[in-house]
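Reviewing the structure listed below.
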Amino acid sequence: MSRPALLPLYINGRFEEEGQRFDNISPVDGRLLNQAVEADAAQVARAVQAASDALQGPWGRYSVPERAALLHKVADGIQARFDDFVAAEVADTGRPLHLARTLDLPRAIANFRTFADLAVAQVDDCCETPQADGGLLFNYTVRKPLGVVAVIAPWNLPLLLLTWKLGPALAMGNTVVCKPSEETPSSAALLAEVMYNAGVPAGVFNLVHGFGPGSAGEFLTRAPQISAVSFTGESRTGSAIMKAVADGVKDISFELGGKNAAVVFADADFDAAVAGVARSSFFNTGQVCLCTERVYVERPIFDRFVAALKARAEGLKLGYPDEDGVDLGPLVSRQHREKVLSYFALAREEGAVVITGGETPQFGDARDQGAYVRPTIWTGLPDHARCVREEIFGPVCHIAPFDDEEEVLRRVNDSPYGLACALWTQRLDRAHRLARRVQVGIVWVNAWYARDLRTPFGGSKLSGLGREGGRHSLDFYSEISNVCVKL
Ligand SMILES: NC(=O)c1ccc[n+]([C@@H]2O[C@H](COP(=O)([O-])OP(=O)(O)OC[C@H]3O[C@@H](n4cnc5c(N)ncnc54)[C@H](O)[C@@H]3O)[C@@H](O)[C@H]2O)c1
Ligand SMILES: O=C/C=C/C=C(\O)C(=O)O
C-alpha cells in the first residue's frame with residue numbers, strides 16, 4: 001500500500017517532514033486521508049525563534065502598504081488554488097462542497113484582503129493641549145507590531161478561522177506561529193505553500209501541527225518569546241491557555257464556546273423564522289460557535305413552529321460532500337460524534353420529548369464508517385437541564401415556549417455563555433430594546449450569521465475575551481504608544 005501523503009511543518013521558510021506522524025481520518029467514511037507531522041517541543045521552539053528573528057529582518061522594515069500588497073498576493077494565491085483548498089477543507093471536515101465553495105474559501109480570501117485594506121486606511125489619533133505658559137503639547141499615536149503571535153485554530157471552520165486571525169496579525173506587522181486543529185490540518189498545509197510562493201519572508205509565517213496539552217499547542221503557548229495568543233476553541237481550553245500565559249502577562253484574544261438562543265415572537269415572519277432557525281441550528285451540522293441550541297417561541301405559535309421546524313429538519317439531506325442537494329455532512333470525527341450522542345442519551349434521561357432525530361442514520365454504505373448524526377429537535381426540558389445549558393456543538397436544538405419579553409430575556413441571559421442571539425420579530429422597536437439587554441457579543445435581528453468583517457466579533461462570559469473584526473483586530477494586533485511633544 002502506498003504511504004499516505006504527509007503534511008509537513010513549515011518553519012523559517014522551510015518545509016519539514018522530520019518527526020512523529022499522526023493520522024488524519026475522513027469523517028465521511030473513516031478512511032485515512034493523510035498524515036501530519038506532530039511538532040515536538042524543539043520544533044515549536046525553532047518556529048517561535050524564527051518568528052522572533054524575522055521581526056528584526058526585512059519584514060520589520062516593510063511599510064504598511066508593502067505588507068498590504070503582500071497579503072493581497074497571498075489572497076491571489078489562495079484564489080489561484082481555490083479548488084485545492086476546497087478539496088482539502090471538504091476532505092478534512094466532510095462538509096458539502098457548496099459550503100466550502102461559498103463560505104470557507106471566499107472568507108479566507110476576504111480575511112486577507114479586508115485587513116490589508118483596513119491597515120492601509122487606518123488613521124490614528126493626535127491632539128493638541130494648550131499649556132498655561134502659552135506652550136502646546138502635541139500628542140500622537142504610534143502603532144507598532146505586538147511581536148510574535150501564536151494563532152491556535154479549531155476544526156469547525158478551519159481555514160476561515162485561521163485566516164480571520166492571520167490577516168490582521170500580519171497586516172499589523174507581526175510574525176506568527178500557527179497551530180491548526182489536529183482534526184483539520186490539510187488546508188493550513190496548503191496555506192503554507194501559498195505563503196512560500198507569495199514570497200512571504202522566512203519566519204514571518206510558521207506552521208506547526210499537533211495537539212493541545214503536552215503537544216504543539218501547549219508548547220506554543222508556553223514559549224517565552226510569544227507576545228500574544230489569538231485562540232478560537234472551547235472555553236475550557238481558553239482557561240488552560242490563560243493559565244499557560246499568565247506568568248508572562250501575554251495579550252490574549254479568545255473566541256470560545258456558546259449556547260446561543262433564538263427568540264421567535266408571534267409577530268415574526270413565520271416562514272422566515274422557521275427557515276432562519278433551521279439554518280442557525282443545523283448549518284455546518286451544528287458545528288459553528290454561533291449556532292442556535294436554545295430556541296424560545298412565543299406560546300401562541302409554539303406548536304405550529306415546532307411542527308414546521310420538524311418538517312424542515314426531516315427534509316435536510318445528509319450525504320457525501322459532492323452529492324447533489326446535500327445539506328449536511330458528518331460531524332468532524334467519531335470522537336466528537338460520541339460527545340454529541342452522549343447528549344442525545346442525556347436528553348432522554350432528563351425527560352426530553354424527541355421531536356425528531358436523536359440517532360445516527362444507517363446508510364448501508366461507506367458513510368456508516370463516518371460520523372453522521374441526524375438533525376435533532378427536543379422540547380419539554382427544564383431550563384436547568386444540562387442539555388439546555390451545556391454546549392453540544394451538533395445539529396440539535398431545544399424549543400421552549402415563553403409568554404412575555406421579560407420572561408424570555410431572563411431565560412436567554414440565564415447562561416454561562418454570551419456569544420450570539422437571533423431575534424425574530426417584525427416589531428423593530430422591541431428588537432432594538434431587547435438587543436441592548438441580551439448579554440451576548442453578537443445579536444442578529446431577522447437574520448443569522450450575516451457578516452460585515454468591519455464589525456466587532458466576540459463574546460462575553462465563557463464565550464470569550466476581546467473583540468476582533470475591523471479596527472478591533474487592528475487594535476488587538478498592535479502595540480499602541482502615545483508620543484507627547486512639548487512645542
Ligand atoms: N467563539 C468563536 O468564534 C468560536 C469559533 C469556532 C469554534 N469555537 C469553539 O471551539 C470549540 C470547537 O473547536 P475545538 O474542538 O477544536 O476546540 P478545542 O478547544 O478542543 O481546540 C481548539 C484548538 O486548541 C488546541 N488546544 C487544545 N488544548 C490546548 C492547550 N491546552 N493549549 C494550546 N492549544 C490547545 C487544539 O489542538 C485546537 O487546535 C467549540 O467549543 C466552539 O464553540 C468558538
Ligand atoms: O464557529 C464560529 C464561527 C466564527 C466565525 C467568525 O469568526 C467569522 O465569521 O469571522
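Values quoted throughout were computed directly from the atomic coordinates according to the rules given, and no laboratory measurement underlies them. From a predicted model like this one, the values you see are computed outputs, not experimental measurements. Heads up, the Cβs are rebuilt from the backbone with ideal geometry, glycines too, and the neighbour counts pull from every protein chain shown.
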Volume per residue, Å³, of the convex hull around the alpha-carbon atoms of segment 142-188? 60
Could you give the distance between the Cα centres of segment 328-343 and segment 167-184, to the whole Å? 27
Residue by residue, what Karplus-based ³J(HN,Hα) values in Hz, rounded to whole numbers, does segment 386-401 have, using 6.51, -1.76 and 1.60 with θ = phi - 60° and x for Gly and Pro? 4, 5, 9, 10, 9, 5, 9, 6, x, x, 8, 9, 10, 10, 10, x
Using the basic label-point model (7 angstrom from Cα toward the beta carbon), what is the Glu323 to Phe211 distance in nanometres? 3.2
Could you pull out every residue, at least 5 positions away or on a different chain, whose amide H is within less than 5 Å of the one on Tyr372? Hs are placed 1.01 Å off N in the peptide plane, and Pro or chain starts have none. Leu331
Karplus-derived HN-Hα couplings along segment 93-99 (A = 6.51, B = -1.76, C = 1.60, θ = phi - 60°), whole Hz, x at Gly and Pro: 9, x, 5, x, 3, 5, 6
Would you work out which of Cys387, Ala311, Tyr372 lies farthest towards the positive end of the dipole of the chain? Charges go on Cβ: Lys and Arg +1, Asp and Glu -1. Cys387
Check which residues have an amide H placed less than 5 Å from Glu183's amide H, if you skip close sequence neighbours. none
Let's see if you can work this out: charge +1 on each Lys and Arg Cβ, -1 on each Asp and Glu Cβ, no other charges. What is the dipole magnitude of the chain about its Cα centre, in debye to the nearest 20? 480
Under 5 Å from the placed amide H of Leu137, counting only residues 5+ away or on other chains, we find Thr129, Gln131, Leu487
Note down the magnitude of the dipole of segment 346-487 about its Cα centre, charges +1 on Lys and Arg C-beta and -1 on Asp and Glu C-beta and zero elsewhere, to the nearest 20 debye. 640
For Lys486, counting only lysines whose alpha-carbon sits under 27 Å away and dropping same-chain residues fewer than eight positions off, the answer is Lys144
For Lys461, the lysines lying under 18 Å Cα to Cα, once residues fewer than eight places off in the same chain are dropped, come out as Lys243, Lys259
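With runs of 4+ DSSP H residues as the only contributors, calculate the mean residue ellipticity of the chain at 222 nm using -39,500 (n - 2.57) per run, divided by the residue total and rounded to the nearest 500.
Dividing the helical sum by the residues of the chain leaves -11000 deg cm²/dmol.
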To one decimal place, what orientation-averaged projected area in nm² is obtained for the convex hull of the Cα set of segment 263-317? 3.6
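What are the equivalent ellipsoid semi-axes of the chain, built from the alpha-carbon gyration tensor (square roots of five times its eigenvalues), in whole angstrom, biggest first?
38, 30, 19
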Reachable lysines from Lys73, Cα under 21 Å, same-chain residues fewer than 8 places away excluded? Lys165
Total charge dipole magnitude, segment 316-371, about the Cα centre, Cβ charges on Lys, Arg, Asp, Glu only, Debye to nearest 20: 200
Whole-number D in µm² s⁻¹ for segment 284-403, Kirkwood Cα-pair radius fed into Stokes-Einstein, 20 °C, 1.002 mPa s: 145
Evaluate the relative contact order of segment 306-427 (contact order divided by residue number), counting alpha-carbon pairs under 8 angstrom at least 6 apart; express in whole percent. 21
Potential extension, Arg437-Ser63 segment - 0.36 nm per residue separation minus Cα distance: 130.4 nm
